[in-house]
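The values are calculated or read from the model by the stated rules, or taken from the named source; none is laboratory data. Here the structure is a predicted model, which is why all the values come from computation and not from measurement. Because the Cβ atoms are built from the backbone with ideal geometry, glycine has one as well, and the counts that use them run over all protein chains shown.
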Amino acid sequence: MKTAAAGLALGLAGCAAWAQGQPSQATASAERGRALLLQRQDTGCVLCHQIPGLPAGGALGPSLQGLAQRSTPAQARERIADARRFNPQTIMPAYLSTEGLHNVAAPYRGQTVLTPQALDDIVSYLFQPHTP
Ligand code: HEC
């Protein structure tokens, strides 16, 4: 419960940050998701994944081409939130969890990498139809 409350607070803070210059927060935005996926420092997704519609990505993780054929948006969201639930040995960072993380720099302790809104935006991009 404590964690959920913290997540909610962070989510709201994230929305407030996004709200500056952003007209609507109500729905997930594939456009914002695309920008998040491309952030090498903050998310690093493209360091490990080839992602349709984005410049060449890394190969440490599987290509996300065809993701919609093998996963539902909810399943992908779960995995991005905390891939350790599916593979305890995974090298993929847990983006919406603060549990069991080590070597976290002081300013980031107790914070998730992504807000729930940002995660929704990313899933929205990954599941929108792409031209190859
Ligand atoms: C350090 C490398 C790394 C980073 C960074 C990373 N991933 Fe992953 N990802 C993996 C690996 C490896 C897998 C394969 C499953 C596993 O080992 O957990 C995976 C699996 C996935 C899957 C499931 C793929 C499938 O075929 O079903 C999705 C979706 C995904 N990652 C999305 C993301 C997103 C979105 C980000 C950024 C927010 C991200 N990943 C960042 C390494 C990474």
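Just wondering, is there one or more residues in the stretch 108-128 that are over 25 Å from Gln50 (Cβ atoms), of a type in the set (A, V, I, L, M, F, W, C) and out of contact with any Cys (no Cβ under 8 Å at 6 or more places or on another chain)?
So far as the stretch 108-128 goes, no, none of its residues is over 25 Å from Gln50 (Cβ atoms), of a type in the set (A, V, I, L, M, F, W, C) and out of contact with any Cys (no Cβ under 8 Å at 6 or more places or on another chain).
Which of the numbered conditions does Leu36 fail, given that it passes all the others? Conditions: (1) within 6 Å of the ligand (Cβ to nearest atom); (2) in a helix (DSSP H, G or I); (3) touching a helix residue (DSSP H, G or I) at 6+ places or on another chain (Cβ under 7 Å).
Evaluating Leu36 over (1) within 6 Å of the ligand (Cβ to nearest atom); (2) in a helix (DSSP H, G or I); (3) touching a helix residue (DSSP H, G or I) at 6+ places or on another chain (Cβ under 7 Å) leaves (1) as the failure.
Being surrounded by 14 or more Cβ atoms within 10 Å (Cβ to Cβ) and in contact (Cβ under 8 Å) with a residue 12 or more places away in the chain narrows it down to one of Leu47, Leu64, so name that one. Spell out how you get there, then give the answer.
Details: Leu47 fails: surrounded by 14 or more Cβ atoms within 10 Å (Cβ to Cβ).
None of the others qualify; the one that does is Leu64.
Kindly provide the set of residues from the stretch 86-120 that are charged (D, E, K, R) and touching a Leu at 6+ places or on another chain (Cβ under 6 Å), ordered by number.
In the first step, residues of the stretch 86-120 are kept if they are charged (D, E, K, R); the result is 99, 109, 120.
Matches in the stretch 86-120: none.
Determine whether the stretch 104-111 contains at least one residue that is touching a helix residue (DSSP H, G or I) at 6+ places or on another chain (Cβ under 8 Å), touching a residue at least 40 places away in the same chain (Cβ under 8 Å), among the small types (Gly, Ala, Ser) and loosely packed, with under 14 Cβ neighbours inside 10 Å. Full working, then the answer.
Start the filter on the stretch 104-111 by keeping residues that are touching a helix residue (DSSP H, G or I) at 6+ places or on another chain (Cβ under 8 Å), which leaves 110-111.
Of the ones still in play, those that are also touching a residue at least 40 places away in the same chain (Cβ under 8 Å) are 110-111.
Add one more test, that the residue is among the small types (Gly, Ala, Ser), and what stays is 110.
Imposing the further condition that a residue be loosely packed, with under 14 Cβ neighbours inside 10 Å reduces the set to 110.
Yes.
Modelled with pLDDT of 95 or more, within 10 Å of the ligand (Cβ to nearest atom) and out of contact with any Pro (no Cβ under 8 Å at 6 or more places or on another chain) - does that describe any residue in the stretch 15-32?
The answer is no, given that none of the residues of the stretch 15-32 is modelled with pLDDT of 95 or more, within 10 Å of the ligand (Cβ to nearest atom) and out of contact with any Pro (no Cβ under 8 Å at 6 or more places or on another chain).
Those residues that are touching a helix residue (DSSP H, G or I) at 6+ places or on another chain (Cβ under 7 Å) and over 22 Å from Tyr108 (Cβ atoms), I need them from the stretch 39-59; list them, please.
Listed by number, the residues that qualify are Ile51, Leu54, Gly57, Gly58.
Conditions first: (1) within 18 Å of Ala28 (Cβ to Cβ); (2) out of contact with any Cys (no Cβ under 9 Å at 6 or more places or on another chain). Gln89 passes all but one, so which condition is the exception?
The single condition Gln89 does not satisfy is (1).
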